[in-house]
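One structure below.
Nothing in this text is a laboratory measurement; each read-out follows from the coordinates by a stated rule. Bear in mind that the values here come from a model prediction, so they are computed numbers and not experimental data. Backbone-built Cβ (ideal geometry, glycine too); neighbour counts: all protein chains shown.
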Amino acid sequence: MVTKATLKAVDGVSFDLARGEVLGLVGESGCGKSTTARLTLGQLPPSAGEVIFEGKTVPSSRTQQWRNLRRHMQMIYQDPLGALDRRLPIIEQIAEPYTIHGIGGSRAERREKAQALMLQVGLRPDQASSYPHELSGGQRQRVVIARALALEPRLLVCDEPVSALDVSIQAQVLNLLDDLRRKTGFSALFISHDLKVVRQMADRVAVMYLGRIVEEGPPEDVFHAPLHPYTQALVSAAPSIHGNRGRNRIVLSGDPPNPVNVPGGCPFHPRCPVAVVRCRTDVPSLSREGDRAVSCHLAGSAGGGGFSPAPHPKSKALEAV
Amino acid sequence: MTHSGKQTIFKPKQQDFLIDVRGLTVDFDIGNHYVRALHGVDLSIRRGETLGVVGESGCGKSITWLAVLGLLGGGAKVSGSARFDGQELVGLTPRQLTAFRGGRIALIFQDPASALNPVHRIGRQIAEALRLHRGLTGKAAKEEARRLLDRVGISNAAQRLNEYPHELSGGMNQRVMIAMALAGEPDLLIADEPTTALDATIQAQILDLLRDLQAETHMAMALISHDLGVIADMADRVSVMYAGRVIEEASAEALFERPAHPYTRGLIGALPDIDGPRHRLEAIPGAVPAPSALPPGCAFSDRCSHVETICHKGPPILGLVGGEDDHSAACVRLDAIEDQELNLASQPSKLVHQRAGLQEGVEA
């Protein structure tokens, strides 16, 4: 199957999302987070596998069926300026989903609804005729959120929704998303490289590395007792204001490998501080116990259920390869 | 100018500062009038020290340093003082400034890929810096470039010299930028969001590298970042900027343990954390005012929950925070709000409960 020029951006990823649930997806650039988002929305055809939304397979061709489904699945992007049309006043952009789907009543009614959405996301009525470049980053993201919410979606895919925003604005937008979610009950796939933001928002979190989910579980478990050596490094590398100077930070060597040329065995083994010989040859599978899952030879099953984490590199329990 | 009579005016000791910026103002010419972007910024860094400069976009944290180095172009009017090792930099001609730029004072930026020239090999770009600042050419320059790349942790340095920026990852390009900055053997490194564009594990590598280099060369560093975690991790002292002013200054420890200014408290409260109870974030309402539309008096007054009439009377100046001689904040109501603890840990994690309820309800 695999030819010379194949880039497996996402490799055998499986996850489910309950109604009203927020699944956080973390990982570094190029790990396949955004590709997963696009696959979920049917913007990309998967080479294999399928996405099922409310019992129906999401088609990846631009059929009427896809369009109907997409009404219930919306996306919030990282760069709001890129996601908005610079030549349209924001109110028209917020009302555009109504036009596209032919709903929302007359032009005046649509405008009214768009105005209500603006208020809901914390934009001032006098900003209605502003163009995106006249707004701040936080306000632009509010426009994108308002537009995404216009059709009352049941699934919201948020791809790094606050990464481009300042801290105080980031908090506003996160709180806004949380309020809106409580009000409208949407499910969300929440993608971010920022573990702190994901912990704030997600009910469950999946960690991706080179196109695969390497660990999954409740945020508190994954971030406080990570099983996979990659998650351990990620968590330890997250800078915090709470006195972590000189703590046990695991600094991984090297960059993530090119996804065109995924290392054999466990894809993480060249950077893994605790890899053993087996990791170079055997691909670990994602095994589940209860609400946790991990894909690592060293994070074994601990006798009475549950996993034992991979050894911490500083414990020197195992010799690195 | 009105401020609380009780306040002790903060006067830094003029001791061994490598760089001492006093009353720096920047006005931008926007056609028919000037807009003030910096309103008298005071910052200072000792040799070997790391000053963290935090603040949100538009607060002037980058402009301060660009102004110091005369990099703002003709549309900007810079006044005030910036003494670097005894030499006044404000008012120098571009020609005079080139003696400092990139040499004794080096800059690294957020986006290494756009700071590097895409059509020249890495080696040539580092060699250019070496020629300009150290007079090295030919073989000597090449050898030194290789040594620098090696020093910043690029493996296979000799081969990398012949590569172009697009052939390297973001983290590697930032290492190249750091190598170029080191080429001039700087006394002061201005690092403007050096890890913002990088992944978490790469960020950890670069911060470690900067820390090691600083210990080795004893250079001073101005670390500009919006990421309080990075600042807490790296800085000895921290200046918090808001709307073109420094509004709080303290040791990193004091700042994060006992933030005094409502804005600093707000920033810390707005930050999600990886430990501790999960609580609703305390967002600061509103947005940073435009430089042309600052509220009268304290620029933070229209977003501040402690605002009183006195706050509108004039911009507050930095005053010592009670009982600490290395901690100052620009707020006239410091005494009144001092006792109000940051109500973070004390708040029950309402969010978590509601969330659990929501989920159960849905799944049932």
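Please report the spacing between the Cα centers of segment B:20-68 and segment A:37-74 in Å, no decimals.
Segment B:20-68 and segment A:37-74 have Cα centres separated by 49 Å.
Of A:Gln74, B:Gly276, A:Gly137, whose Cα points farthest to the positive end of the dipole of the protein assembly as shown (charges on the beta-carbon: +1 Lys, Arg; -1 Asp, Glu; origin at the Cα centre)?
Result: A:Gln74, furthest along the dipole toward the positive end.
DSSP loop (so not H, G, I, E, B), at most 15 other Cβ within 10 Å: list which GluC sites (Glu not before Pro) in segment B:215-318 pass both filters.
Answer by residue number: B:Glu308.
Would you work out if segment A:22-202 is rounded, prolate or oblate? Take a ≥ b ≥ c from the square roots of the eigenvalues of the alpha-carbon gyration tensor; rounded if a/c is under 1.5, else prolate when a/b is larger than b/c, oblate otherwise.
oblate
Taking a ≥ b ≥ c as the square roots of the eigenvalues of the Cα gyration tensor of segment B:162-238, is the shape rounded (a/c under 1.5), prolate (a/b larger than b/c) or oblate?
Oblate.
How big is the gap, in Å, between the Cα center of segment B:110-161 and the Cα center of segment A:165-239?
Rounded to whole Å, the Cα centres lie 38 Å apart.
Relative to 2.2 N^0.38 Å, what does the C-alpha radius of gyration of chain B come to as a ratio? Two decimals please.
Its radius of gyration relative to the 2.2 N^0.38 Å reference: 1.08.
Segment A:82-127: which trypsin sites (Lys or Arg not before Pro) are DSSP loop and have at most 14 other beta-carbon atoms within 10 angstrom?
Passing both the DSSP loop test and the Cβ count: A:Arg86, A:Arg87.
Report, to the nearest 10°, how far helix A:167-184 tilts away from the longest principal axis of the Cα atoms in chain A, using its own Cα long axis and a range of 0 to 90°.
Tilt of helix A:167-184: around 80 degrees.
Taking DSSP loops as anything outside H, G, I, E and B, show the longest stretch in chain A free of GluC sites (Glu not before Pro) there with at most 14 other beta carbons within 10 Å.
Longest run free of exposed loop sites: A:55-318.
Kindly point out which whole DSSP H helices in chain B project their C-alpha atoms 18 angstrom or further along the helix axis while averaging a Kyte-Doolittle hydropathy of -0.5 or above.
In chain B, the long hydrophobic H runs are B:170-183, B:200-217.
When the scattering of chain A is computed by the Debye formula from its Cα atoms alone, each counted once and equally, what is log10 I(q)/I(0) at q = 0.10, 0.13, 0.15 Å⁻¹?
For chain A at q = 0.10, 0.13, 0.15 Å⁻¹, log10 I(q)/I(0) is -0.63, -0.99, -1.23.
Determine, from the Cβ-Cβ distance of A:Leu7 and B:His33 and an R0 of 51 Å, the FRET efficiency 1/(1 + (r/R0)^6), rounded to the nearest 0.05.
The value I calculate is 0.45.
In Å, what is the Rg of the alpha-carbon atoms in the protein assembly as shown, and how long is Dmax?
Reported Rg and Dmax, both Å: 26.2, 78.
Taking the number of other C-beta atoms within 10 Å as the exposure measure, put B:Ser81, A:Ser236 in order starting with the fewest.
Starting with the residue having the fewest Cβ neighbours, the order is B:Ser81, A:Ser236.
Across chain B, how many lysine pairs, 8 or more positions apart or on different chains, have C-alpha atoms separated by under 24 Å? Please give the number.
Value for chain B: 5.
Ranking A:Asp166, B:Asp236 by Cβ neighbours within 10 Å, fewest first, what do you get?
In increasing order of surrounding Cβ atoms, one gets B:Asp236, A:Asp166.
Spin-label point model (7 Å from Cα, Cβ direction): what's the A:Ser47 to A:Ser285 distance in nm?
With each label placed 7 Å out from Cα toward Cβ, I get 2.0 nm.
Given the C-alpha centroids of segment B:191-231 and segment A:89-118, what is the distance between them in whole angstrom?
Cα centroid of segment B:191-231 versus Cα centroid of segment A:89-118: 45 Å apart.
For Cα pairs less than 8 Å apart in space and 6+ apart in sequence, what is the mean separation divided by the residue count of chain B, i.e. the relative contact order in percent?
Reported as a whole number, the value is 20 percent.
Could you tell me whether segment A:183-267 comes out rounded, prolate or oblate from its Cα gyration tensor? Rule is a ≥ b ≥ c as square roots of the eigenvalues, rounded for a/c under 1.5, then prolate if a/b exceeds b/c, otherwise oblate.
Note, shape of segment A:183-267 comes out oblate.
Of all DSSP beta bridges located in segment A:22-202, what percent are antiparallel, nearest 5?
15 percent
Nearest 20 debye, what's the magnitude of the dipole of segment A:22-202 about its Cα centre given +1 on Lys and Arg Cβ and -1 on Asp and Glu Cβ?
Once rounded to the nearest 20, the dipole reads 420 debye.
What is the count of Lys pairs in segment A:22-202 whose alpha carbons sit under 25 Å apart, if the two are 8 or more places apart or on different chains?
Eligible lysine pairs with Cα atoms under 25 Å apart amount to 4.
Counting other beta carbons within 10 Å of each residue's own, what order do A:Phe53, A:Phe186 fall into, fewest first?
Listing A:Phe53, A:Phe186 from fewest to most nearby Cβ atoms yields A:Phe53, A:Phe186.
Kirkwood Rh, Cα Rg: Rg to Rh for segment A:147-306?
1.00
For segment A:133-149, in order, what is each residue's ³J(HN,Hα) by Karplus, 6.51 cos²θ - 1.76 cosθ + 1.60 with θ = phi - 60°, in whole Hz (x at glycine and Pro)?
Using θ = phi - 60°, the values come out as 5, 8, 9, 7, x, x, 5, 4, 5, 5, 4, 4, 5, 4, 5, 5, 7 Hz.
Have a look at the DSSP beta bridges in the protein assembly as shown and tell me what percent are antiparallel, nearest 5.
Approximately 55 percent, going by the DSSP bridge assignments.
Using +1 at the Cβ of each Lys and Arg and -1 at the Cβ of each Asp and Glu in segment A:22-202, identify which of A:Leu123, A:Asn175, A:Gln65 lies farthest towards the dipole's positive end.
Sorting the options by dipole projection puts first A:Gln65.
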